[in-house]
Amino acid sequence: MANSSYATIIIIVLCVNNVFSKLKPIPDYLHICRRSNPDIPKCIIESAYSLRSKLAEGIPEFDVAPMDPMLINTLIPTNGNGLKIETTNLLVTGTSNFTITHLIADIDKQKYNFQVRFPHMHVMGNYSIDGQIARMVIKGRGDFDLDICKYTLRYFCNRFIIPLCEVLNLAINANFVMFFMELRPIIQKVLEEFVLDTVEKLTQHFTYEQLFPD
């Protein structure tokens, strides 16, 4: 990993709501943690890891959308150095391989502070490019393939003649830092919202006593 510190990191403070509707029995795949457990944080982390495969494919009975792959339809514009690049239809994979690197659980106050790391995410999508480089007008559309951890960008040329394809490849890579900095907060925000929404949907149907029995 060229820069491990840039793997997406999310810090969330969650308060479990005691107002529940449509109470359901605890499903077999959702592991509970007893309050008598001497290491509640470890139990919660192991429970979260056991849900990886379910989260990847989605949990329709709780209206939880698939996590891996994750589709982001947000239009992300980037401007600079004479080029305008817009990305759409982002498909993010690797999100289900998350790790929880930090967790503080206050069972009495029902408050949890945790940090989630996504060590390797792969992003594919569409882009449009418009601008000038060295007085050459560049305009077109194509696909991009981004490995966030390794800072590599593989460009697939499908609508340009070879010489122009090479120019585009150089142009996009020259603007990569700017492009990546624009892309990062969008992906991070989507992941934060997804994690919060998923936790809420998985807990709102159960009482505190169901999730953390004596």
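What does the charge count near ILE26 come to, summing +1 for each Lys or Arg and -1 for each Asp or Glu among other residues with Cβ under 13 Å from its Cβ? Result for the local shell: -1. Distances between placed amide hydrogens fall under 5 Å for ASP145 paired with ARG154, PHE156, all partners being 5 or more residues away or on another chain.
Computed extension length for GLN188-ASP130: 18.3 nm, one decimal, from 0.36 nm per residue of separation with the Cα-Cα distance subtracted. Measure up LYS54/LYS189; LYS42/LYS111; LYS54/LYS201; LYS84/LYS139; LYS111/LYS201 against 18 Å on the Cα-Cα distance and list the ones that go over. From the list (LYS54/LYS189; LYS42/LYS111; LYS54/LYS201; LYS84/LYS139; LYS111/LYS201), the Cα-Cα distance tops 18 Å for LYS54/LYS189. Spin-label model, ASP197/THR88: points 7 Å from Cα along the beta carbon direction are separated by 2.0 nm.
No value in this document is a laboratory result; all are computed from the given coordinates. These figures come from a predicted structure and were not determined experimentally. Note that we place each Cβ from the backbone using ideal geometry, even for glycine, and neighbour counts take in every protein chain shown.
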